[in-house]
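In what follows, a single structure is set out as structure tokens and then discussed.
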Amino acid sequence: MDAPTLEDLVPLPSVWQRLDRVETRLLEVSQSGDAFLTKAAQHLLIAGGKRFRPLLAQLAAEFGPADDQRSIDAAVAVELIHVGSLYHDDVIDEATTRRGTDSANANWGNTVAILAGDFLMARASEVAAATLGQRAVEILARTYAELVEGQTLELQLDWDIHHGTGEYFRVIEGKTASLIRTSARLGAMASEASPDDVERLSRWAWELGIVFQISDDALDLVATDDFLGKPAGSDISEGKFTLPVLSALQGPDGSRIGEVLARPRPYSQESVSEVIDLVRAGGYVESALDEASRRIAVAGNAIADLADSPAKDVLNSLGGYLINRVAAGRSAG
Ligand code: GRG
């Protein structure tokens, strides 16, 4: 049987109805008086994406009594920050594709891509200030800073085979877990969930964000090119050494892996394949997924005291879904 989709996993019509409203609102608030800017800014919104952060905001919004525009705008704000950061990330990485289509920088050049990303970030602040209030604006601003800090640390660690897994976790906390936590926090706050429940949901989402990135990084080492939509091992080719590779560098094959990674760049396909083979044969992908499973347990403990509900059941199933995606990517193609 095929792996369950997110739609299967979230049997909550209220969540999907609100997510439809999020789509409409994203297009509304990303309009500019300048038609060219609207086109560039809406390019990646229209291209799709999983909308994982809006989904988390809506799930968290199930835990409070309020059901109004605020939860929609919480989801819109976090997706706008996310998409804005993708525009900038593609400029930094000189990426040519994103969300299955041309990146904005490939279409219109770096300047337009940076401006379109800035515009979406600015709209996120406007939306939050208009309906969510000052506390939400502060939380989003801090999250934005954490994204930049995570990305900046990652740049400094590129090609560095001597850093440890502690630095890896700092990178993924900043560039991924921070916004995933904010998605749940703002969704819960928008629904007027109790302060204790807001904290529980935020702690859960932080761990889930780490699981999200560990499993994404594992996919790069085990999935087929078809599943990924790009060549497997791209992280290694780009000098981004993720948890399995960093752990393998500390193991019995570490000196051989270090030798290969010290070769002149760009790495040949043989070099990348040799590193991937050694990492996989050493069981380091499984160890990374074991770490992800431990984080799922921590996430489950964080929400143990939430009142039982169908939404809580969904939260408890999402970590397993992320890990199963790795298995699905492995066998696909
Ligand atoms: C301007 C906020 C801002 C940041 C500048 C570029 C940058 C600093 C940060 C980049 C942060 C970044 C791109 C992190 C990667 C996060 C991540 C896991 C992206 C992929 O998310 P998915 O899989 O993508 O949810 P879709 O397309 O499905 O939404």
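Relative to the Cα centre, what is the charge dipole magnitude of the chain, using +1 at the beta carbon of each Lys and Arg, -1 at the beta carbon of each Asp and Glu, and rounding to the nearest 20 debye? Don't jump to the answer; show the numbers that get you there.
On the way: 30 positive and 50 negative charges, 62 e Å.
That gives the chain a dipole magnitude of about 300 debye.
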Self-check item: Other-chain or far-sequence residues with amide H under 5 Å of Thr97's (modelled H)
Solution: Ser103
Quiz item: Roughly to the nearest percent, how much of the accessible area of the chain is carbon and sulfur, given a 1.4 Å probe?
Solution: 51
Quiz prompt | Helix-derived mean residue ellipticity, 222 nm - over the chain, DSSP H n ≥ 4, -39500 (n - 2.57), to 500 | solution = -23000 deg cm²/dmol
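Show me the ranking of peptides 262-268, 298-304, 233-239, 41-47 by mean Cβ neighbours inside 10 Å, starting with the highest. Each step should come with its number before you reach the end.
Numbers: 262-268: 11.9, 298-304: 16.1, 233-239: 18.3, 41-47: 20.3.
Per-residue mean Cβ counts within 10 Å order the peptides as 41-47, 233-239, 298-304, 262-268.
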Practice problem: Over the chain, give the accessible area per residue in Å² for a 1.4 Å probe, as an integer. | Solution: 43
Quiz item: From the residues Leu246, Thr131, Leu208, which one has its Cα farthest along the dipole of region 6-332 in the positive direction, the dipole being from +1 and -1 charges on Cβ of Lys/Arg and Asp/Glu about the Cα centre?
Solution: Thr131
Exercise. Among the lysines, select those whose C-alpha is under 24 Å from the C-alpha of Lys39, and discard any that sit fewer than 8 residues away in the same chain.
Key: Lys50
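The values are calculated or read from the model by the stated rules, or taken from the named source; none is laboratory data. Just so it is clear, the model here is predicted, and its values are computed rather than measured. Neighbour counts run over all protein chains shown; Cβ positions are idealised from the backbone, glycine included. Each accessible area value is taken on the protein alone, full model and side chains, heavy atoms only, with ligands, DNA and RNA left out. Shrake-Rupley method; radii C 1.70, N 1.55, O 1.52, S 1.80 Å.
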